Amino acid sequence: MSSADIHYLPEQPAHDAEIDLINEEAFGPGRFTRAAYKIREGGPHERAMSFVAVHQNQVIASVRMTWIAAGQGRALLLGPLAVRPAFKNIGIGRKLVAIAVAAAREAGVGAVVLVGDAPYYGPLGFQKIAHGQISMPRPVDPNRLLAVEIREGAVAALQGDVTHAALAR
Ligand SMILES: CC(C)(COP(=O)(O)OP(=O)(O)OC[C@H]1O[C@@H](n2cnc3c(N)ncnc32)[C@H](O)[C@@H]1OP(=O)(O)O)[C@@H](O)C(=O)NCCC(=O)NCCS
């Protein structure tokens, strides 16, 4: 397999079933208890800024983005990000993150937030959000709350409880 055989596409409804299987495989039943999952339960994801990687007509990786609100701030929450085991460590995860962040930038979004490992996301532009600045609906290690700021001040505008943006007034 060469990376030329992998195509990156905007997510379509027809991808949903395969994406569900990829996330089940990657995160197991524990995915339902994660803080980010709780937020994503609050409404739909932003399909226009969610992407898949496809190999021989099969979805092999997915990244989704969901609008969130925290205080006056609005941002996109990146995740879940998952790559099928047979396709790990060839740059697909990094590429999907880069595509999703570029799409956010293109759309004028101020910031992209996620809960994840700083050693992985740091080189992709994500930095730790100040401890205590935002609160997730379930406990998370504050060192895993990361953001890439696209518009100056957009991360500072995120304050307090994080919810799905559809639930914010
Ligand atoms: C994490 C994941 C998305 C990475 O995707 P991928 O396509 O395999 O990763 P890439 O090829 O872009 O990057 C691979 C590099 O990242 C490193 N890496 C992978 N996961 C990492 C992590 N959690 N922390 C730090 N580094 C990590 C690999 O060791 C590798 O390093 P190298 O380039 O020095 O060899 C994938 O392993 C996966 O689906 N994991 C299960 C689900 C998951 O944990 N998702 C992330 C939730 S925050």
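Bear in mind these aren't lab numbers, they're just calculated from the coordinates by the rules spelled out. A quick note: this is a predicted structure, and the numbers were derived from the prediction, not measured. Note that each Cβ is placed from the backbone with ideal geometry, even for glycine, and that neighbours are counted across all protein chains shown.
When residues in segment 12-51 are screened for being surrounded by 14 or more Cβ atoms within 10 Å (Cβ to Cβ), assigned to a loop (DSSP other than H, G, I, E, B) and away from the ligand (no atom under 16 Å from the Cβ), 3 of them pass.
Scoring HIS131 on the criteria (1) in contact with a Lys or Arg (Cβ under 8 Å, 6 or more places away or on another chain); (2) part of a loop (DSSP other than H, G, I, E, B) leaves a single failure, condition (1). I need a count of the residues in segment 136-169 that are surrounded by fewer than 16 Cβ atoms within 10 Å (Cβ to Cβ) and among the polar types (S, T, N, Q). Number satisfying all stated conditions: 2. Within segment 96-119, how many residues are away from the ligand (no atom under 15 Å from the Cβ) and touching a residue at least 24 places away in the same chain (Cβ under 8 Å)? Total satisfying the criteria: 8.
Here the condition is being touching a Gly at 6+ places or on another chain (Cβ under 8 Å) and more than 18 Å from THR66 (Cβ to Cβ); of GLN133, GLN159, it holds for GLN159 alone. A search for C-beta distances below 8 Å between a residue of segment 1-23 that is more than 23 Å from GLU46 (Cα to Cα) and any residue that is surrounded by fewer than 15 Cβ atoms within 10 Å (Cβ to Cβ) and among the hydrophobic types (A, V, I, L, M, F, W, C), counting only pairs 6+ apart in sequence or on different chains, returns SER3/ILE90.
Rundown of residues vs (1) part of a loop (DSSP other than H, G, I, E, B); (2) within 14 Å of the ligand (Cβ to nearest atom), yes/no style:
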site	(1), (2)
ILE60	no, yes
LEU76	no, no
GLY79	no, yes
ALA86	no, yes
ARG94	no, yes
TYR121	no, yes
PRO137	yes, no
